[in-house]
Amino acid sequence: NGQLATAPRKKPLLRGRSGSFSHLSKDGRPKAGKSDEGPIRTANTAVTVASLLLNTPPLSSSPSPVLFRLRVACQSFGTTVHVSANAELSVNGSETCAAQAAEQITYSLPMGAQGNQTDGQLLLEGFPAIPFAVAHSKVGSTFIGSCGRWRYTALATPHWDWRHSVERPTEGKAADLELAGGVLSVQLRAATSAEVKRCCQQQALQDAQETGDYDELHAQLTKARLASVDLEHLERAEEKLKLMRKQRMHVAAGCGKDELRQQMSWELITAPQGSDTERPCPVTDCPCNEPCNPGEVLSIISGAVDQCLGPGADRLLFESLVEAALASEEGSVWPAGGKLIFSAFDRNQSVNALVRTLESANQQRCAQMMLKLVQSSEATYGGFVSAVQVNFHCTGESFHDQHRDVYGAKQRAGPNCACSFKECVGTVCYSLGSSRLCRLCSMVDSFSALKPCGDSCQGREEHRWLRSGDAMFFNAKWNQNHTHGIPKMSSGSGPRISVAFLLGAS
Ligand SMILES: [Zn+2]
Ligand SMILES: [Zn+2]
């Protein structure tokens, strides 16, 4: 392959002048020079001379060609540097750089073995390998990071266990790279918070791609897009989703039309008797037992749907939403955390996207009702509806885990939550169909303003019935101090739809 066999794999010879090893023959012994006639006088003299003429550099022993000079500058942390390439490189300089320091390292190619370009990887401690190429001719290319780029910022963050709702890492490293004029400059610094987010979301996107769960990958792609993950990663995930759709992986179990038609029938709705229950913290004067803390609003308004849309509107809205789901492209109903969501096929949860979906399913009346509900919610509670979620609870087995709604960047969403609301005044959720219990729990974690009564604070827990046509509203302050959820019903339940609006500050 034209490489000099004498160049060792790891320990480069060329610490100083390169002339010393250009006079070694392939077996490592001194090679013919002007005054040394030994080897030339052997039987295959002609061959030896010819190969010497073709392969050896001029006897003036010019230095071997430099691949690049790597200039590394470290801010808050040091690093080790290593460059591997498709040719044996010799290294001149220290491949370790301390914090607050800078180094220059020269990487040289073996003589006579260049080709059109050298491909390699830059290895920085803690970073994924960074590909590069250096052109040696017009047909070769030069880049760092990815094809066609001379500038690139590599990011590294600790592994993020997003599937278990572990909080996203807040710190990471960045390397600003530039490859030009024979110099590869590497500036190491702490990553900005936007970079940390981007890097983490890219990891989650990669993880989701490897598992091949359509719903998960779809959700992670949305989040990766919001975090401005590199286009090439987004495109790769999109390709994968497309492929999965071809294999009908987007129609989850329980989301087929026959099953939906059977389960989501108004004839099956249940409305058992029962009253709300409350379990306070055993410590009487515990802050959790305060029914309403300063600034909190929580209210359940019965008959809100009929008040807005006229008598019997709860059934009408229920049935036309089911009709719309059955008339929409398969995959518009998808599982999310114990229940199903009906949305636009692309899972965009804006009001416009839902209204378009309803209209194209020939449910103009349903679309009108939905818009009127939006209008009246905004008029009653203030703000504007920034997102809508239509949940299908097909049976008593369905549930919605205890959670907070996500309004601000500070809060952590569930692992697949694709919401990204800046500011919000609260949530209003309309119930249609079967009655279900809603579980409300006071919280004393770091998000909450409530202080526990002691180490063994049990908090307060309520179960409130949500019946067909009811609205439940809570504001951001209540959301901060409590979680809400819909537990499974062990006694069984018929179908229920909830229409939840996130109200953003206008
Ligand atoms: Zn919620
Ligand atoms: Zn307590």
Only one of these conditions is not met by GLN480: (1) modelled with pLDDT of 95 or more; (2) away from ligand 2 (no atom under 16 Å from the Cβ). Which number is it? (1)
For CYS288, only one of the following conditions fails: (1) more than 16 Å from ligand 2 (Cβ to nearest atom); (2) open to solvent by less than 80 Å² (accessible area, probe 1.4 Å). What is its number? (1)
Just for strands (runs of 3 or more DSSP E) wholly inside the range 147-217: which have at least 2 residues that are in the same structural domain as ALA135 (by TED's automatic domain parsing), among the β-branched types (Val, Ile, Thr) and touching a residue at least 24 places away in the same chain (Cβ under 8 Å)? 183-190
Using the structure shown, decide if CYS74 is hydrophobic (A, V, I, L, M, F, W, C) and farther than 28 Å from THR170 by Cβ. no
Across the range 221-239, what is the number of residues that are assigned to a helix (DSSP H, G or I) and either under 28 Å from LEU326 (Cβ atoms) or of a type in the set (Gly, Ala, Ser) (or both)? 5
Please determine, by comparing only the residues of the range 382-407 that are of a type in the set (Asp, Glu) and in a loop (DSSP other than H, G, I, E, B), which one is farthest from ligand 1 (Cβ to nearest atom). GLU397
Which is at pLDDT 95 or above and at positive phi, of GLY433, GLY383, GLY331? GLY433
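The values are calculated or read from the model by the stated rules, or taken from the named source; none is laboratory data. Quantities reported herein were computed from a predicted structural model and do not represent experimental measurements. Here Cβ is always computed from backbone atoms with ideal geometry, including for glycine, and neighbour counts include all displayed protein chains. With ligands, DNA and RNA removed, areas are computed over all heavy atoms of the protein, side chains included. Shrake-Rupley method; radii C 1.70, N 1.55, O 1.52, S 1.80 Å.
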